[in-house]
Ligand code: NIG
Ligand code: FE
């Protein structure tokens, strides 16, 4: 049995004594911590923690690895509940086009955007996709992420969507991170179906979903419910079909326009509705009567120069806001959750406590992982990070753009 003791921890962040599935908006200002603490891990599990003043005597020092965390903080790993990490090639040309005045929508209407990524992915092998996605997973792991949701959506054909989902299945075996797969066949209407949208949706329903169920390729289903992408009615049809194949919805809504995506998500008991850069009063009202988690993606707002989601209004409505990266080649070429937390504080006026709750326990809840991830609790998975010596947890969002993490522990092992 592998044993690890972290002692002299300056502050153990997000400790949890009784299990909670999520933190509601009004409580998000509270971030429970323990100063001058120790933490014990056995194999891949947190087995105990407490104050250094009352650290139990250790009789069995054989095979015990000890880390002295003097001056350092220990956090539960970030839980990134929204990414598109499997992709081929990058899109800096569009980035420069946007600097020169084109909008994201204009680029998409010229065949760029998601369709550009789909073309690149069609010509890339499964093995190459695994290699590049593994590099990105290692990158985010060393930035403190311990659990991640990955979407398909750059395939847009039966063959290529299944290829991405099979890549994600291999990533689950290869990477120590906890991974959830989300089927986003309805990310855009592919070129071939430009004049026959219903034909593509039929393909999603009749040709993709049965294979996804048979091969166990996804837990969730997503749709980009947006003007020029999929309508609320189409989203409704796709989510209904997904449910029949055992997939729960986590969907893209209200990124550029509010067209009723939140309503469809709530109708289908979506685990989360994500983006929410454009939110109306009535959208918040609908969310109040649901268990659906509003997930905000501030690095997408930053990169595309679009509005930031109304975190304060959502929290004032007592909703359990989550934060995620949206790592993808078009709207967010970064999976750095430390930067997400910084942006949430600077641009959305979340306090560090609120942002850390949103990026840990509520992110875990948005992947249905809060019984095992997202906090420091006895019995939870030992996915943690130890910072360099820093003044306190607010230093992470304050000192943006630098990596203050020194040691990564995933499944109880130092990475
Ligand atoms: O979440 N909005 C839809 N999908 C991605 C971006 C896709 C792309 O531009 O490649 C997002 O922002
Ligand atoms: Fe996205």
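Coordinate-derived values only; no laboratory data. No experiment lies behind these values; they were computed from the predicted model shown. When we count neighbours, we look across all protein chains shown, and the Cβ atoms used for this are built from the backbone with ideal geometry, even at glycine.
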Out of all DSSP beta bridges with both ends in segment 78-365, state the antiparallel percent to the nearest 5.
-> 5 percent
With the Cα gyration tensor of segment 213-308 in hand, convert its eigenvalues to equivalent ellipsoid semi-axes via √(5λ) and list them largest first in whole Å.
-> 22, 15, 12
Inter-label distance, nm, simple model (7 Å from Cα along the C-beta direction), residue 400/residue 215 | 4.0 nm
If the chain between residue 305 and residue 227 were fully stretched, how many nm would it gain, using 0.36 nm times the residue separation less the Cα-Cα distance?
-> 26.2 nm
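Please give the calculated 222 nm ellipticity per residue for the chain, where each DSSP H segment of at least 4 residues contributes -39500 (n - 2.57) and the sum is spread over every residue; nearest 500 deg cm²/dmol?
Calculated at 222 nm, the ellipticity per residue is -9500 deg cm²/dmol.
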Based on the Cα gyration tensor of segment 78-365, what are the three equivalent ellipsoid semi-axes, each the root of five times an eigenvalue, rounded to whole Å and given largest first?
-> 25, 21, 20
Ranked highest first by the average count of other Cβ atoms within 10 Å around their residues, in what order do 114-124, 367-377 fall?
-> 367-377, 114-124
Using a basic spin-label model with each label point 7 Å from the Cα along Cα→Cβ, how many nm lie between residue 288 and residue 106?
-> 4.0 nm
Of the convex hull drawn through the C-alpha atoms of segment 315-362, the volume per residue in Å³ is 79 Å³
So if we plug the beta-carbon distance of residue 244 and residue 53 into 1/(1 + (r/R0)^6) with R0 = 56 Å, what FRET efficiency do we get, rounded to 0.05?
-> 0.50
Compute the separation of the alpha-carbon centres of segment 271-341 and segment 182-204 and state it in Å as a whole number.
-> 25 Å
Angle in degrees between helix 158-174 and the longest Cα principal axis of the chain, rounded to the nearest 10 = 10 degrees
Label model pair residue 123, residue 66: point-to-point distance (7 angstrom along the Cα→beta-carbon line) in nm is 5.9 nm
Principal semi-axes in Å for segment 7-112 [√(5λ), Cα gyration tensor, largest first] = 45, 19, 14
Given a cut-off of under 8 Å on Cα pairs at least six residues apart, what relative contact order in percent is computed for the chain?
-> 23 percent
To the nearest 10 degrees, how steeply does helix 126-141 sit against the main Cα axis of the chain, on a 0 to 90 scale?
-> 40 degrees
In whole Å, what is the distance between the alpha-carbon centres of segment 12-76 and segment 389-407?
-> 18 Å
Peptides 171-179, 224-232, 269-277 ordered by average Cβ neighbours within 10 Å, highest first = 269-277, 224-232, 171-179
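Calculate how large, on average over all directions, the projected area of the Cα convex hull of segment 349-415 is; give the answer in nm² to one decimal.
5.3 nm²
For segment 103-240, divide the Cα radius of gyration by the Kirkwood radius and give the resulting Rg/Rh value with two decimals.
Computed over Cα atoms, the ratio is 0.97.
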